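Below: one structure, written as structure tokens.
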Amino acid sequence: MNRTEILRQKIDDILRDQPDLEQRRCGFVHLYGVSATCSLLALKRGLDPQLGAIIGMLHDLATYQSANSVDHAEKGAATAAQILSEAGDFPLAEISIVKSAIAHHSDKVAIHSPYDELLKDADVLQHYLYNTDFSVSMVKQKRLTNILEELGIESDLDR
């Protein structure tokens, strides 16, 4: 079994242990939605789609595990680093990329590394695609407009 599938099993086990059914459902939907979106955008941007998928799967895991979003980016980065270190098949350079992306993903205004931006964009796009009738904040709207343009999708978000 490859390392992505091993991580999926670990993440599934963590989410299944969440007693709150709504937290569990949201965890599966959001983490795997962002994971798939990261892979898609990574392919488009010439980045590693497997690493993108892993970043997406792990980015909010700590939040769904604890049902607490306080300092979620920092806690998420630490949780991801621990899981990847324990998995044993991830070099320190990749763990560093994952930690950075997760630590920065809440800061949608600043521009960081390509993988940091990949996660921010995938997170915004997944939230939007979950229900396109939900309102989009101005910060996220600009980022979303750029993502949709990158994908060749016309939108009326600016109107």
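Side notes on the structure shown:
- HN-Hα J in Hz across the stretch 82-90 - Karplus 6.51, -1.76, 1.60, θ = phi - 60°, x for Gly and Pro: 5, 4, 5, 5, 5, 5, x, 10, 10
- C-alpha center-to-center spacing [the stretch 119-133, the stretch 71-105] in angstrom: 22
- Ligands, DNA and RNA aside, Lys99 has an accessible area near 90 Å² when probed at 1.4 Å.
- Table column - 3J(HN,Hα) (Hz), the stretch 19-28, Karplus curve with 6.51, -1.76, 1.60, x for Gly and Pro: x, 7, 4, 5, 4, 4, 4, 4, x, 4
- Mean projection of the Cα convex hull over all viewing directions, computed for the stretch 1-65: 4.0 nm².
- Measuring nothing but protein heavy atoms, the accessible surface of the stretch 4-152 at 1.4 Å probe radius is 55 percent carbon and sulfur.
- Within a Gaussian network of the chain (alpha carbon springs, distance under 10 Å), most fluctuating of Ala80, Ala101, Ala93: Ala93
- Helix 92-104 and the longest principal axis of the C-alpha atoms of the chain enclose an angle of approximately 50°.
- Hits among aspartates and glutamates - C-alpha to C-alpha of Lys108 under 16 Å, sequence gap 8 or more where chains match: Asp60, Asp71, Glu74, Asp116, Glu117, Asp121, Asp123
- For Glu150, the solvent-accessible surface computed with a 1.4 Å probe is close to 60 Å², ligands and nucleic acids excluded.
- The chain: most fluctuating residue of Ile111, Ile14, Ile95 per GNM, C-alpha cutoff 10 Å: Ile111
- Cα-based helix-to-principal-axis angle, 138-150 vs the chain, degrees rounded to 10: 90
- Within the full protein context, the accessible area of Arg25 is estimated at about 100 Å² for a probe radius of 1.4 Å.
- Per residue solvent-accessible surface (Å²) - the stretch 9-157, probe of 1.4 Å: 50
- Max-minus-min Cα coordinates of the chain on each principal axis give 47, 35, 28 Å, with the largest extent listed first.
- Of all the options Ala62, Ala53, Ala78, the one that moves most in a Gaussian network model of the chain with Cα springs shorter than 10 angstrom is Ala78.
- For the stretch 85-158, the equivalent ellipsoid derived from the Cα gyration tensor has semi-axes of 28, 12, 11 Å, listed largest first.
The values are calculated or read from the model by the stated rules, or taken from the named source; none is laboratory data. The shown structure was predicted, so the numbers you read here are calculated from the model rather than taken from an experiment. All accessible areas refer to the heavy atoms of the entire protein, side chains included, with ligands and DNA or RNA removed. Shrake-Rupley method; radii C 1.70, N 1.55, O 1.52, S 1.80 Å.
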